[in-house]
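Worksheet: the structure to be examined is printed underneath.
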Amino acid sequence: MKIGIFDSGLGGLFILKTLRQKLPKYDYLFLGDTKNLPYGNKSQEQIFRLTVKAIEYLFEQDCALVIVACNTASSQALRKIQQKWLPKSKFADRRVLGVIRPTVETVSSSKGIVGILGTNRTVDSRAYILEFKKINPRLKIVQQTAPLLAPMIEAGNLDKIDSVLGHYLAPLQKKGLNTLILGCTHYCVLDSKIKKIVGTKVKVISQDKLLPGKLKSYLGKHPEIESQLSKNGTMRLEVTKKGIWKVK
Ligand code: DGL
């Protein structure tokens with residue numbers, strides 16, 4: 001059985017890339033819901049329905065485990081999927097993981113002020129704030145929405161992105177950040193641009209760097225899932241809207 005990776009679009013590919021680098025033996029199936037992106041401005045109900053549809057598809061394609069490599073879907077739909085939908089579905093023995101909990105675990109021992117840059121729906125879900133409250137309630141969390149970034153990244157429009165980034169980062173910088181979480185998987189591609197803007201005193205957390213280690217330790221603790229995974233080192237990419245990416 002395979003590991004499924006799901007995102008609305010390109011963001012999940014950055015996660016897939018580092019998973020394949022660090023955990024190359026597994027077989028991966030990536031699904032990008034390019035027909036419906038961006039998710040960041042959709043309603044909770046829409047995000048839930050689209051995410052369930054994608055997960056069902058990945059399970060039907062023989063995935064034992066699906067990683068929702070999308071902060072927006074993780075923040076708006078994951079809890080309901082894990083607690084209500086999955087146990088009642090015909091896939092009750094499979095697993096669905098998100099990206100927010102592992103990110104919060106990675107950052108939880110930081111000190112000072114943690115900034116979150118994310119889509120509208122990730123920010124207004126307050127999912128990061130709630131997770132940090134459980135693990136380290138002393139940390140001060142500040143959030144900033146960046147609704148234009150994911151659509152610009154999807155359009156390959158990176159030339160003009162610096163000024164947009166500067167605009168979104170300025171309010172966070174004014175608050176005196178110590179750590180900045182790139183709370184949308186699409187922003188992995190902006191890692192070095194963002195580091196340049198915020199400077200070396202701010203630790204920038206990009207989820208493509210932390211998820212392979214987190215998945216490895218999850219699989220180590222869950223032999224019932226790991227033992228079901230096939231190990232041929234393959235990868236398949238699928239999108240819901242054909243012809244918009246040229247991926248070999
Ligand atoms: N990559 C997604 C995330 O991590 C969302 C981008 C979008 O579809 O708005 O939130």
Inset, instruction - Take Leu190 and decide whether it is open to solvent by less than 20 Å² (accessible area, probe 1.4 Å), within 28 Å of Gln76 (Cα to Cα) and assigned to a helix (DSSP H, G or I). - result: yes
Inset, instruction - Being within 14 Å of the ligand (Cβ to nearest atom), part of a helix (DSSP H, G or I) and out of contact with any helix residue (DSSP H, G or I) (no Cβ under 7 Å at 6 or more places or on another chain) is the filter here, so list the residues in the range 18-58 that pass it. - result: Gln46, Leu50, Ala54
Inset, instruction - Within the range 65-89, track down each residue that is surrounded by 23 or more Cβ atoms within 10 Å (Cβ to Cβ) and away from the ligand (no atom under 16 Å from the Cβ). - result: Leu65
Inset, instruction - Tell me which of these Arg126 doesn't satisfy, since it passes every other one: (1) within 17 Å of the chain's Cα centre (by Cα); (2) within 22 Å of Ile15 (Cβ to Cβ). - result: (2)
Inset, instruction - Exactly one condition in (1) open to solvent by 40 Å² or more (accessible area, probe 1.4 Å); (2) more than 15 Å from the ligand (Cβ to nearest atom) is not met by Leu165; state its number. - result: (1)
Inset, instruction - Hey, can you tell me all the residues within the range 90-100 that are part of a loop (DSSP other than H, G, I, E, B) and either open to solvent by 20 Å² or more (accessible area, probe 1.4 Å) or more than 16 Å from the ligand (Cβ to nearest atom) (or both)? - result: Lys90, Phe91, Ala92, Asp93, Arg94
Inset, instruction - Would you tally the residues in the range 1-16 being within 15 Å of the ligand (Cβ to nearest atom) and more than 13 Å from the chain's Cα centre (by Cα)? - result: 0
Inset, instruction - Scan the range 101-118 for residues that are open to solvent by 10 Å² or more (accessible area, probe 1.4 Å) and either assigned to a helix (DSSP H, G or I) or among the polar types (S, T, N, Q) (or both) and report the count. - result: 7
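Going through the range 51-83 one residue at a time, which ones are of a type in the set (Lys, Arg) and either touching a residue at least 24 places away in the same chain (Cβ under 8 Å) or in contact with a strand residue (DSSP E or B) (Cβ under 9 Å, 6 or more places away or on another chain) (or both)? Give the derivation first.
Narrowing the range 51-83 to residues of a type in the set (Lys, Arg): 53, 79-80.
Correct list: Lys80 only.
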Inset, instruction - Go over the candidates Gly233, Gly220 one by one and state the one that is open to solvent by less than 70 Å² (accessible area, probe 1.4 Å), part of a helix (DSSP H, G or I) and at pLDDT 95 or above. - result: Gly220
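The values are calculated or read from the model by the stated rules, or taken from the named source; none is laboratory data. In this text, all values refer to a predicted model and were calculated from it rather than measured experimentally. Virtual Cβ from ideal backbone geometry, glycine too; neighbours counted across all protein chains shown. With ligands, DNA and RNA removed, areas are computed over all heavy atoms of the protein, side chains included. Shrake-Rupley method; radii C 1.70, N 1.55, O 1.52, S 1.80 Å.
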